[in-house]
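Notes to accompany the following structure.
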Amino acid sequence: MVTQAMFRIWRGDSAGGRFEDYLTPVEEGMVVLDAVHRIQAQQAPDLALRWNCKAGKCGSCSAEINGMPKLMCMTRLSNLNLEMPVILEPMHTFPVIRDLVTDVSWNFRAKMTIKPFRPRSPDLPDGTWRMQQADVERVQEFRKCIECFLCQDVCHVLREHHKEEEFIGPRLLVYVAALEMHPLDSEDRVSDLRKKHSIGYCNITTCCRQVCPESITITENAIIPLKERVVDRFFDPLKQLFHIL
Amino acid sequence: MPEFQRFSYDVLVIGAGGAGLRAAIEAAASGARVGVVCKSLLGKAHTVMAEGGIAAALANVDDRDNWRVHFADTMRGGQYLNNWRMAELHAKEAPDCVRELEAWGALFDRTKDGRILQRNFGGHQYPRLAHVGDRTGLEMIRTLQDHGIHSGMQVHMECTVLSLLLDSGRVVGACGYDREKGLFHLWQAKAVVLATGGIGRAYKITSNSWEYTGDGLALAYHAGAELQEMEFVQFHPTGMVWPISVRGILVTEGVRGEGGVLRNSEGRRFMFDEIPDAYKAQTADNEEEGWRYTQGDRNARRPPELLTRDHVARCINREVKAGRGTPHGGVFLDIAWIKTHLPKAEEHIKRKLPSMYHQFKQLADLDITKEPMEVGPTTHYMMGGIRVDGDSQMSSVPGLFAAGEAAAGLHGANRLGGNSLSDLVVFGRRAGRFAAEFAKSNGNGATIDEEQLQATASQALKPFDRGATGENPYQVQYDLQEAMQDLVGIVRTENEMQQALEKIAGLQLRADRAGIAGHRQYNNGWHTAIDLSSLLVVSEAITRAALLRKESRGAQFREDFPGKDAEWGKHNIIVKRGANGEMLVEKRALPPMPDELKAVVQEMK
């Protein structure tokens, strides 16, 4: 293993910025976040980054590492080519605040537009419900989401076309799927999915699923079933025929 | 003169982990205008790291369980230094709080008949932990977050609180700054709830995130509130030890709950070698019985791996010191061995412990379904904190409340796994309710001390005046962590702790000289410099309390006083600020336990 590596880190703010090179010692087992911490402590004390758990559970340290959206805490240096500089950039889809920190507040605002959980009446007089593990498991996959927003970062509807005002993006479609498929939920979000959340913008390129650090099958398990619900409700040719008759 | 952006609320909640969010939801539900200030983005607080589960005597898996057993387990685990009123309320109210989470959308794992499944955990007599695989904390915080955002609370993300504001001895708000722009804020409030979590960043090896710098404890201390049980820092027995860069990251107790065993380098299950008297009757004395327990045999006793965390951590420490450790200085934790007892063990492990599987696979190149893990103790949890009234959660400062890890009392000398998530919701709910009530009856006419506001702001900006020539704040923090790890760790002595006090005093001087280049916008170096002051207060409090308690009990192990002392078993240690700013440490008698609770403790012995 090499004993030092070059990190090419984007430094700047909303007004602009540039890459700066930092050479730092590296050891076996290190992840990118360790190297960045070391650079911060020894060479660039005011380097801005977010992190919390350092164990892939909180989804704070999202960045683009050699052009790939990843969590810095879960990217091992041994999986990168250290003969070349490691390029670190902030997520491109969100406005930059400073260095590796972006303004992800849109995600929180967009979540507010989704109708919240509304459970059916309890199954038993003591106010409790009964659910089967098999039914719960389908939704548990979606609830693994750590809100790192890497899927939002890579979604071309947001990244290239900036449809933030109309489209909620893969993270929040997964959130809607978790609500819609929740065994107890009695709310109806199908109309909102079509009109307010513009699910039709998604053309299932599966980029979101490929970058998900929790390996949630975003497109196949969450978005496509939601699209099917929308199609069943609004575009069923038989229903439309009956409607005309 | 620095400008302050001003906000006004009935209840201000500082911290947005489980306790803070639960308090905010409760206060908002009772009609209060609620502001929440948190150090990170919403939903990133340390609660997401909780793995094993939330303890509540639902009796879904074993119908012999009830609040009395849970109460007795909690008191036994805490070595009877607990605030018995909190332990009682906690045991009684936790089931309702878990059901409440389900009503708000949490999806716990299920029993065959569709109820909430519960698992075994250290120190709990019956399977008691409602859980979601090994990511229960994430489920909890997301549930509270998604419910809370529709309750009308106003959230100020990525803000650090610098000081609490007082008027005639009553708390009337807080001031601080936001990370994004580095601007100052004043949050005026009729009541304040501190839910800032723990202090793990005072140590080098910790499972805690950067946020855990003891801010709430230091804020309360400076406002004149009393702290207690500061000597009791929980070292979780199983943190990762290799690779070095991930040292300290938690390995859930759930691994042992599912049948994982601890072995030393000689292959011996050393946990059978020493079983404390208080637990002899309920601990298995052979491997076969222990296995049956983990598989739900109601007549089997628990394996010694599931003894309390303080004990397991010390046994691991002993093995490593005796030269029977692993190559990287830990012991082996083996879950793969269950394949000799269970068909399809690999899938079983992956389903029950998915994050552990991924954590080791990704960070250590190790497949836990095939090989044993290397683990060792890691600083995990602060039993001590702000002294509060058991019912209302109000501190000794009127209008100042505390809940969750920041508050002391429930756990005594040692916390049982699973009791912290239930702590968050039970006492978060109580703190929110009583803070809202307090705000209603003690509202108006507070004066903000503008001079204090300005003084706080200029103090906070001093690191910029010193610039890059000042002390490197990262280095000061690192040196403090090293000192606490080496001198006030799992095994403590008078001599080492005296050295620690000297070091802390020296580090205080260096912290006062900390400097940082650049500007106020999202400057991590500046944030680190500011966090130092809280870290130094809690480090000193831990050390002074640990020095005064001349005995070994729960999480405190004194090599120079290795036994328990009956006299100390009747006392808490209180830490507070003296009139001249010096730290006072005193012994205070425990309030007497009512006879009915005494009877419960006796009955369950």
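The values are calculated or read from the model by the stated rules, or taken from the named source; none is laboratory data. Predicted, not measured: the structure shown is a model, and the values here were computed from it. Cβ placement follows ideal geometry from the backbone for every residue including glycine, while neighbour counts extend to all protein chains displayed.
Kindly indicate the residue of region B:157-168 that is over 24 Å from the mean Cα position of the chain (by Cα) and farther than 19 Å from B:Ala218 by Cβ and also surrounded by the fewest Cβ atoms within 10 Å (Cβ to Cβ) among those meeting that condition. Here the answer is B:Ser168.
Residues considered: B:Asp134, B:Asp146. Of these, the only one that is in a loop (DSSP other than H, G, I, E, B), closer than 21 Å to B:Gly197 by Cα and within 14 Å of chain A (Cβ to nearest Cβ) is B:Asp134. Selection within region B:69-110: residues that are surrounded by fewer than 20 Cβ atoms within 10 Å (Cβ to Cβ) and under 18 Å from B:His571 (Cβ atoms). The member of this set that is nearest to the other protein chains (Cβ to nearest Cβ) is B:Arg85. Taken over region B:23-57, the criterion of being of a type in the set (Asp, Glu) and either in contact with a Leu (Cβ under 9 Å, 6 or more places away or on another chain) or within 14 Å of chain A (Cβ to nearest Cβ) (or both) is satisfied by B:Glu51 alone. Once region A:47-70 is narrowed to residues that are assigned to a loop (DSSP other than H, G, I, E, B), surrounded by 24 or more Cβ atoms within 10 Å (Cβ to Cβ) and under 16 Å from the mean Cα position of the chain (by Cα), the residue that is farthest from the other protein chains (Cβ to nearest Cβ) is A:Cys61. Restricting B:Gly224, B:Gly259, B:Gly290, B:Gly267 to those that are outside any helix (DSSP H, G or I), within 30 Å of B:Asp109 (Cα to Cα) and not hydrophobic (A, V, I, L, M, F, W, C) reduces the list to B:Gly259. Residues being within 24 Å of B:His70 (Cα to Cα) and touching a strand residue (DSSP E or B) at 6+ places or on another chain (Cβ under 7 Å) are represented in region B:360-380 by at least one member. Within region B:443-463, which residues are assigned to a helix (DSSP H, G or I), of a type outside the set (A, V, I, L, M) and out of contact with any Phe, Trp or Tyr (no Cβ under 7 Å at 6 or more places or on another chain)? Hits for region B:443-463 are B:Glu450, B:Glu451, B:Gln452, B:Gln454, B:Thr456, B:Ser458, B:Gln459, B:Lys462.
Confirm whether B:Leu262 is in contact (Cβ under 8 Å) with a residue 12 or more places away in the chain and in contact with a Lys or Arg (Cβ under 7 Å, 6 or more places away or on another chain). Considered against the rule, which asks whether it is in contact (Cβ under 8 Å) with a residue 12 or more places away in the chain and in contact with a Lys or Arg (Cβ under 7 Å, 6 or more places away or on another chain), B:Leu262 comes out as yes.
Taking A:Glu147, is it out of contact with any Leu (no Cβ under 6 Å at 6 or more places or on another chain), of a type in the set (Asp, Glu) and at the interface with chain B (Cβ under 7 Å from one of its Cβ atoms)? Taking the combined requirement at face value, the residue satisfies it. Of all the residues in region B:3-18, those that are small (Gly, Ala, Ser), within 17 Å of B:Ser209 (Cβ to Cβ) and either surrounded by fewer than 24 Cβ atoms within 10 Å (Cβ to Cβ) or in contact with a strand residue (DSSP E or B) (Cβ under 8 Å, 6 or more places away or on another chain) (or both) number 2.
Among the criteria (1) at the interface with another protein chain (Cβ under 8 Å from one of its Cβ atoms); (2) assigned to a helix (DSSP H, G or I), the one B:Asp113 does not fulfil is (2).
A search for C-beta distances below 7 Å between a residue of region A:115-128 that is more than 8 Å from chain B (Cβ to nearest Cβ) and any residue that is aliphatic (A, V, I, L, M) and part of a loop (DSSP other than H, G, I, E, B), counting only pairs 6+ apart in sequence or on different chains, returns A:Arg120/A:Leu184.
Suppose the filter is at pLDDT below 95, crowded, with 24+ Cβ neighbours inside 10 Å, closer than 28 Å to B:Glu371 by Cβ and of a type in the set (D, E, K, R); does B:Glu253 pass it? Yes; evaluated as a whole, the condition is true for this residue. Just checking, does region B:457-470 include any residue being closer than 30 Å to B:Ala555 by Cα and either surrounded by 21 or more Cβ atoms within 10 Å (Cβ to Cβ) or under 15 Å from the mean Cα position of the chain (by Cα) (or both)? For region B:457-470, residues closer than 30 Å to B:Ala555 by Cα and either surrounded by 21 or more Cβ atoms within 10 Å (Cβ to Cβ) or under 15 Å from the mean Cα position of the chain (by Cα) (or both): absent.
Residues of region A:1-46 that are part of a strand (DSSP E or B), surrounded by fewer than 14 Cβ atoms within 10 Å (Cβ to Cβ) and within 13 Å of chain B (Cβ to nearest Cβ): A:Pro25 alone.
Here's the yes/no breakdown for (1) out of contact with any helix residue (DSSP H, G or I) (no Cβ under 7 Å at 6 or more places or on another chain); (2) more than 14 Å from chain A (Cβ to nearest Cβ):
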| residue | (1), (2) |
| --- | --- |
| B:Leu461 | yes, yes |
| B:Gly467 | yes, no |
| B:Tyr474 | no, no |
| B:Leu487 | no, yes |
| B:Asn495 | yes, yes |
| B:Gln499 | no, yes |
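When the test is whether a residue is closer than 28 Å to A:Arg130 by Cβ, modelled with pLDDT of 95 or more and polar (S, T, N, Q), B:Asn60 passes it. Of the residues making up region A:71-83, those that are away from every other protein chain (no Cβ under 11 Å) and in contact with a strand residue (DSSP E or B) (Cβ under 8 Å, 6 or more places away or on another chain) are A:Met72, A:Leu80, A:Leu82.
Results for (1) of a type in the set (A, V, I, L, M); (2) out of contact with any Ser or Thr (no Cβ under 6 Å at 6 or more places or on another chain), shown as yes or no for each residue.
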position	(1), (2)
B:Gly53	no, no
B:Val61	yes, yes
B:Asn66	no, yes
B:Arg85	no, yes
B:Ala91	yes, yes
B:Asp113	no, yes
B:Asp134	no, no
B:Asp146	no, yes
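Within region B:1-48, if we keep just the residues that are touching a Phe, Trp or Tyr at 6+ places or on another chain (Cβ under 8 Å), part of a strand (DSSP E or B) and among the aliphatic types (A, V, I, L, M), the residue that is nearest to B:Thr136 (Cα to Cα) turns out to be B:Val37. For the condition surrounded by fewer than 18 Cβ atoms within 10 Å (Cβ to Cβ), away from chain A (no Cβ under 14 Å), of a type in the set (A, V, I, L, M) and out of contact with any helix residue (DSSP H, G or I) (no Cβ under 8 Å at 6 or more places or on another chain), what is the one hit in B:Ala566, B:Ala545, B:Ala589? After applying the criteria, what remains is B:Ala566. Do we have B:Leu507 as over 26 Å from A:Arg38 (Cβ atoms) and surrounded by fewer than 24 Cβ atoms within 10 Å (Cβ to Cβ) here? When the stated conditions are applied, B:Leu507 does not pass them.
Go through region B:239-256 and give me each residue that's farther than 21 Å from B:Thr340 by Cβ, in contact with a strand residue (DSSP E or B) (Cβ under 8 Å, 6 or more places away or on another chain) and not in a loop (DSSP other than H, G, I, E, B). Residues satisfying the conditions are B:Gly239, B:Met240, B:Ser245, B:Val246, B:Leu250. Out of the residues in region B:361-372 meeting the condition of being free of Cβ contacts under 8 Å to residues at least 40 places away in the same chain and assigned to a helix (DSSP H, G or I), tell me which one is surrounded by the most Cβ atoms within 10 Å (Cβ to Cβ). Looking at residues that are free of Cβ contacts under 8 Å to residues at least 40 places away in the same chain and assigned to a helix (DSSP H, G or I), I get B:Gln362.
Yes/no matrix, rows are residues, columns are (1) touching a Pro at 6+ places or on another chain (Cβ under 6 Å); (2) free of Cβ contacts under 8 Å to residues at least 40 places away in the same chain; (3) outside any loop (DSSP other than H, G, I, E, B):
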site: A:Ala134; (1), (2), (3): no, yes, yes
site: A:Gln140; (1), (2), (3): no, yes, yes
site: A:Ile146; (1), (2), (3): no, no, no
site: A:Leu158; (1), (2), (3): no, no, yes
site: A:Leu172; (1), (2), (3): no, no, yes
